[in-house]
Amino acid sequence: MDIRTVGVVGAGQMGNGIAHVFALAGYDVLLNDISEEALEKALALIDRNLERQAARGKITGEDHQAAMARLRTTARLVDLGASDLIIESATERETVKQAIFEDLLPHLQPHTILTSNTSSISITRLASRTDRPERFMGFHFMNPVPVMQLVELIRGIATDEPTYKTLLGVVEKLGKTAASSEDFPAFIVNRILMPMINEAVYTLYEGVGNVRSIDESMKLGANHPMGPLELADFIGLDTCLAIMNVLHDGLADTKYRPCPLLTKYVEAGWLGRKTKRGFYDYRGDEPVPTR
Ligand code: NAD
C-alpha cells in the first residue's frame, strides 16, 4: 500500500520526533495534540532540530524548509481521518489510547493503518477494540527519534501480512532499520535493557558499587557508551519502573521484580534529567552522583 499522508497523535517528546522524521522523508504530516501549547512547542522544536541537522551538514537548508512545509498541526483529532497511516504517540495510559482510537474510528478511511508507539501496552488488546485489528500494529520508535536508527515493528495476533510489509517499506523510506518483535511485554529492546538497568540499581542498593563505579565499570568494562544509571536518568526513572512493572506483571516471574531503590527514587520525585535529580544531581554545572 502506498502511504502518503501520516497523522501523528501526541506532540510530546516522541510525537514531535516522529513528525520530524516523517516530514523529512517526504510524507505529509498532520500532528495532533489536546494541548495547543504542546503543538506550538513541538513545531518550534522540530524547526530547531532540523536547523541543527542542517548546520551539521546532515541535511540541506532546502530539506529543512521542505520538511517544515509538509508539516501541519491540529487540535482536532477528527482532522486526521484522511490519513493513510496513523501513529498514536500520546501519554502511556491504556484508557487514553483507547479513547483516541474510539474517537478516530468513525472518521477513518477503510484502508487506513492504525499504529501505536506504546512501549509496553499489548498491541493485540489495543487492536481488538478497533474495527481493524488486521490493519493495526505496534510502531515503536526509540528516543531521540531523529538520532536513533532502530524501529521495532510489533504484530498483534491478528495483524495481516500486507500491513506488516507496508510498514517495513515505510521504515526503509525513513532510512531506519526495522526489528520485528512478537507482542509480548516490553517487546525486544526494553525486555533486555530494563532488567539490566534494574540490576544496576540492585548493585547500588546492595552496596556492591556506588553510582560512579557502576557506570564507569559498564562504560569501560563492557564498552557501553553510557553507564546504566546515567541511561536510566536519561530515560526517566518513572518510565523504567513502569516497564519493570509491565514485565513483572505480564511474565509473572520474580526475576523482573523492580528494585526497591528504584521505587524509592520515583516516590521522591527524583525521576532523572527531567526533574534535574535522579541517580545524578543535574542542578549544577556537572552531574553529581546522589549515592
Ligand atoms: P509525553 O508526555 O512527552 O507526550 C505525550 C503527549 O500526548 C502530550 O503532549 C499530551 O498532551 C498528549 N496527549 C495526551 N492525551 C492526548 C489525547 N487524548 N489526544 C492527543 N494528545 C494527547 O510522552 P512521550 O515520551 O512522547 O511518550 C508518548 C508515547 O511514546 C508513549 O506511548 C510512550 O510509551 C512511547 N515511547 C516513549 C519513549 C520515551 O523514551 N519517552 C520511547 C519509546 C516510546
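Data for the structure
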{"quantity": "Sequence-distant aspartates and glutamates (8 or more away, or on other chains) whose Cα lies within less than 18 Å of LYS173", "calculated": "ASP2, ASP28, ASP63, ASP84, GLU152"}
{"quantity": "Alpha carbon centroid spacing (whole Å) that separates the range 243-291 from the range 110-132", "calculated": "29 Å"}
{"quantity": "Gap separating the Cα centres of the range 42-70 and the range 181-211, nearest whole Å", "calculated": "35 Å"}
{"quantity": "Cut-off 13 Å, label 7 Å out along Cα→Cβ of ARG125, residues of the range 149-187 by amide N", "calculated": "184-186"}
{"quantity": "Set of lysines with alpha-carbon distance to LYS97 below 25 Å, sequence-local pairs under 8 removed", "calculated": "LYS41, LYS165, LYS274"}
{"quantity": "Rounded FRET efficiency, nearest 0.05, which uses the C-beta distance separating LYS219 from TYR164 and R0 of 35 Å", "calculated": "0.40"}
{"quantity": "Sequence ranges 196-206, 176-186, ranked by mean other-Cβ count within 10 angstrom, highest first", "calculated": "196-206, 176-186"}
{"quantity": "Summed residue charge, Cβ within 12 Å of VAL151's Cβ, Lys/Arg positive, Asp/Glu negative", "calculated": "0"}
{"quantity": "Vicinal HN-Hα couplings computed from phi for the range 97-114 (Karplus, 6.51 cos²θ - 1.76 cosθ + 1.60; Hz; Gly/Pro x)", "calculated": "5, 4, 5, 4, 5, 4, 5, 6, 3, x, 9, 7, 7, x, 8, 4, 8, 9"}
{"quantity": "Antiparallel content of DSSP bridges confined to the range 5-181, in %, to 5", "calculated": "15 percent"}
{"quantity": "Reachable aspartates and glutamates, given that their alpha-carbon falls under 14 Å from the alpha-carbon of LYS219 and they are not under 8 places away in the same chain", "calculated": "GLU230"}
{"quantity": "Karplus-derived 3J(HN,Hα), 6.51/-1.76/1.60, for each residue of the range 144-153, Hz, glycine and proline x", "calculated": "x, 4, x, 9, 7, 7, 8, 10, 8, 10"}
{"quantity": "Positive minus negative residues near LYS255 (Lys, Arg vs Asp, Glu; Cβ under 15 Å)", "calculated": "-1"}
{"quantity": "Amide H contacts of LEU31 (H built 1.01 Å from N, under 5 Å, at least 5 apart or other chain)", "calculated": "VAL8, ARG72, THR73, THR74"}
{"quantity": "The chain: relative contact order in percent, alpha carbon pairs under 8 Å with at least 6 residues between", "calculated": "13 percent"}
{"quantity": "Cβ-based net charge around PHE234, under 15 Å, with every Lys or Arg adding one and every Asp or Glu removing one", "calculated": "0"}
{"quantity": "Where trypsin sites (Lys or Arg not before Pro) fall in DSSP loop in the range 5-57, at most 10 other Cβ within 10 Å", "calculated": "ARG56"}
{"quantity": "HN-Hα J in Hz across the range 53-60 - Karplus 6.51, -1.76, 1.60, θ = phi - 60°, x for Gly and Pro", "calculated": "4, 5, 4, 8, x, 7, 9, 8"}
{"quantity": "Computed lengthening from ARG291 to ARG52, 0.36 nm per intervening residue step minus Cα-Cα distance", "calculated": "82.5 nm"}
{"quantity": "Cα gyration tensor, the range 192-289 - rounded (a/c under 1.5), prolate or oblate", "calculated": "oblate"}
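Throughout, read-outs are computed from the coordinates displayed, never taken from laboratory work. Predicted model only: the values in this text are computed from it and were never measured. Here Cβ is always computed from backbone atoms with ideal geometry, including for glycine, and neighbour counts include all displayed protein chains.
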